[in-house]
């Protein structure tokens, strides 16, 4: 298995618990993790939609890990996803101040995974030329 494929699997495995923590039982997990009182169908609906998006991307990354023709698109989607989340969190950090420590860790991971994804795109493109 190539390094970009292993990277996609690692990212997928890391994203699944986050997705489930957001959407499986939002009133419980949001209170436990962040002290947020998550009540009402609208709140739960939003977080379950986020979970669905995260899980869909995680599945696409898994597909890219095992199917060469999807590897590069999966890596691009990973970079857009991670750097998009990271840039939003960075903007919030500047405008709103320091968040909960776990959200700051997510920011660091998102930027790190996004930048690593760019490196993996270059590596994957070289492997396709072989």
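When 30, 12 are screened for being surrounded by 15 or more Cβ atoms within 10 Å (Cβ to Cβ) and over 15 Å from the mean Cα position of the chain (by Cα), only 30 passes.
In the range 29-42, the residues that are at negative phi reach residues that are surrounded by fewer than 13 Cβ atoms within 10 Å (Cβ to Cβ) and assigned to a helix (DSSP H, G or I) with C-beta atoms within less than 7 angstrom, at least six apart or across chains, in these pairs: 33/102. The single condition among (1) buried (at least 18 other Cβ atoms within 10 Å of the Cβ); (2) modelled with pLDDT of 95 or more that residue 111 does not meet is (1). Being surrounded by fewer than 18 Cβ atoms within 10 Å (Cβ to Cβ) and under 18 Å from residue 13 (Cβ atoms) holds for only one residue in 57, 63, and it is 63.
Counting only residues that are surrounded by 15 or more Cβ atoms within 10 Å (Cβ to Cβ) and in a helix (DSSP H, G or I), the range 35-44 holds 2 of them. Taking into account only those residues within the range 85-100 that are under 21 Å from residue 21 (Cβ atoms) and within 17 Å of the chain's Cα centre (by Cα), which is surrounded by the fewest Cβ atoms within 10 Å (Cβ to Cβ)? Top of the filtered list is 88.
Can we say residue 47 is surrounded by 14 or more Cβ atoms within 10 Å (Cβ to Cβ), more than 17 Å from residue 6 (Cα to Cα) and touching a residue at least 24 places away in the same chain (Cβ under 8 Å)? Break it down stepwise before answering.
Values: surrounded by 14 or more Cβ atoms within 10 Å (Cβ to Cβ): yes; more than 17 Å from residue 6 (Cα to Cα): yes; touching a residue at least 24 places away in the same chain (Cβ under 8 Å): yes.
Judged against the criteria, residue 47 is a match.
Scoring residue 10 on the criteria (1) in contact with a helix residue (DSSP H, G or I) (Cβ under 8 Å, 6 or more places away or on another chain); (2) closer than 25 Å to residue 126 by Cβ leaves a single failure, condition (1). Among the residues here, residue 78 qualifies as in a helix (DSSP H, G or I), buried (at least 19 other Cβ atoms within 10 Å of the Cβ), on the phi < 0 side of the Ramachandran plot and modelled with pLDDT of 90 or more.
The values are calculated or read from the model by the stated rules, or taken from the named source; none is laboratory data. Keep in mind that this is a model prediction, so the values were computed, not measured. Glycine also receives a Cβ, built like all others from the backbone with ideal geometry; neighbour counts cover every protein chain displayed.
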